[in-house]
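K.L.:
Below is the structure I would like to discuss, written out as structure tokens.
A short reminder: the numbers here are calculations on the coordinates, not readings from a lab. This structure is a prediction, so every number in the text was calculated from the model and none was measured. Backbone-built Cβ (ideal geometry, glycine too); neighbour counts: all protein chains shown.
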């Protein structure tokens, strides 16, 4: 299927979409992990929902380095007014979860911990807070969230990641997204050693979207074993 930007012209600018996930209500009950694919708008929605709360963005190199040297810095920087703390991209520094655990127990602080990959945390055998934090997911946009901006053709062709759904050049943005996914999640997490094979599989899998999965056929087209396709 070709991607013709003129077929589904983007609205001027990217509109602010109100998501259905109510973060404030969730934090009234318990701390939680918020997972979701890259570019679903996790960081934006957290900032829009919670406003000026204490936030540690682990994509910020200075923040990452400071906390990697001294995880207890979080406790030192919290005042008695800081009842909610956000740590963005927690999978980048899972050692912080020990400090989070302690602060939940000792000070009753509520944490919102965002990340694009729950897989890396589970595989790393890190402290997942033993029931002290729930898990929520922010998925791509829904028809209900988009309201009158929903277009079935656009959704089928582009998907519902906000930045790509409203993109002026969805093909280029999707290619960049796939490349980023391979580098930052598959390679960085060591999910597979054979990146060329996985890359071929990824393309074949995309072409098979919406059909019944036949592992043998996918393996033949991607030039990998059927068992490998099953693992992927």
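K.L.:
Kirkwood Rh, the stretch 99-232, all Cα pairs: how many Å?
P.N.:
After inverting the mean inverse Cα-Cα distance, the result is 18.1 Å.
K.L.:
Relative to the first principal axis of the alpha-carbon coordinates of the chain, what is the inclination of helix 96-107, with its axis defined by its Cα atoms, in degrees from 0 to 90 and to the nearest 10?
P.N.:
40 degrees
K.L.:
Taking Cα pairs under 8 Å and at least six residues apart, what relative contact order does the stretch 41-121 come out at, in percent?
P.N.:
Numbers: 90 pairs, mean separation 26.2, N = 81.
Across the stretch 41-121, relative contact order equals 32 percent.
K.L.:
Give me the percent of DSSP beta bridges within the chain that run antiparallel, rounded to the nearest 5.
P.N.:
Within the chain, antiparallel bridges account for around 0 percent of the total.
K.L.:
Run the quick spin-label model on residue 139 and residue 68: label points 7 Å from Cα toward the beta carbon, then report their separation in nm to one decimal.
P.N.:
The modelled label-to-label distance comes out at 3.5 nm.
K.L.:
Give me the angle, in degrees from 0 to 90, between the Cα long axis of helix 195-207 and the longest principal axis of the Cα atoms of the chain, rounded to the nearest 10.
P.N.:
70 degrees
K.L.:
Which residue, 91, 184, 81, has the most motion in a Gaussian network model of the chain that connects Cα atoms within less than 10 Å?
P.N.:
81
K.L.:
Further question on the same structure: What whole number of Å gives the distance from the Cα centroid of the stretch 55-72 to the Cα centroid of the stretch 143-176?
P.N.:
Value for the Cα centre distance between the two parts: 33 Å.
K.L.:
Also, quick follow-up: Can you give the alpha-carbon Rg of the stretch 9-117 over 2.2 N^0.38 Å, where N counts its residues?
P.N.:
1.12
K.L.:
Take the Cβ-Cβ distance between residue 52 and residue 105 as r, set R0 to 30 Å, and report the resulting FRET efficiency rounded to the nearest 0.05.
P.N.:
Once rounded, the FRET efficiency stands at 0.70.
K.L.:
With a Förster radius of 22 Å, plug the Cβ-Cβ distance of residue 30 and residue 183 into 1/(1 + (r/R0)^6) and report the FRET value to the nearest 0.05.
P.N.:
Efficiency for this residue pair is about 0.05.
K.L.:
Using Cβ counts within 10 Å as a stand-in for footprinting exposure, how do 110, 123 rank, fewest first?
P.N.:
Exposure proxy ranking, most exposed first: 123, 110.
K.L.:
Oh, and also: What's the exposure ranking of 88, 221, going from fewest to most Cβ atoms within 10 Å?
P.N.:
Ordered from fewest to most neighbouring Cβ atoms within 10 Å, 88, 221 come out as 221, 88.
K.L.:
Please report the relative contact order for the chain, taking Cα pairs under 8 Å with a sequence separation of at least 6, and give it as a percent rounded to a whole number.
P.N.:
Reported as a whole number, the value is 23 percent.
K.L.:
Another question, then. Work out the FRET efficiency for residue 193 and residue 122 from their Cβ-Cβ distance, taking R0 = 22 Å, and round it to the nearest 0.05.
P.N.:
About 0.65, to the nearest 0.05.
K.L.:
Hey, what number do you get for the chain at 222 nm if only DSSP H runs of n ≥ 4 count, each worth -39500 (n - 2.57), divided across all residues, to the nearest 500?
P.N.:
Value at 222 nm, helices only: -11500 deg cm²/dmol.
K.L.:
Relative contact order (percent) for the stretch 155-231, with alpha-carbon contacts under 8 angstrom and 6 or more residues of separation?
P.N.:
17 percent
K.L.:
Another one. Largest first and to the nearest Å, give the Cα extent of the stretch 155-231 along each principal axis.
P.N.:
On the principal axes, the stretch 155-231 reaches 38, 30, 15 Å in Cα extent.
K.L.:
Next question, about the same structure. Using the 10 angstrom Cβ neighbour count as an exposure proxy, how do 80, 199 rank, fewest first?
P.N.:
80, 199
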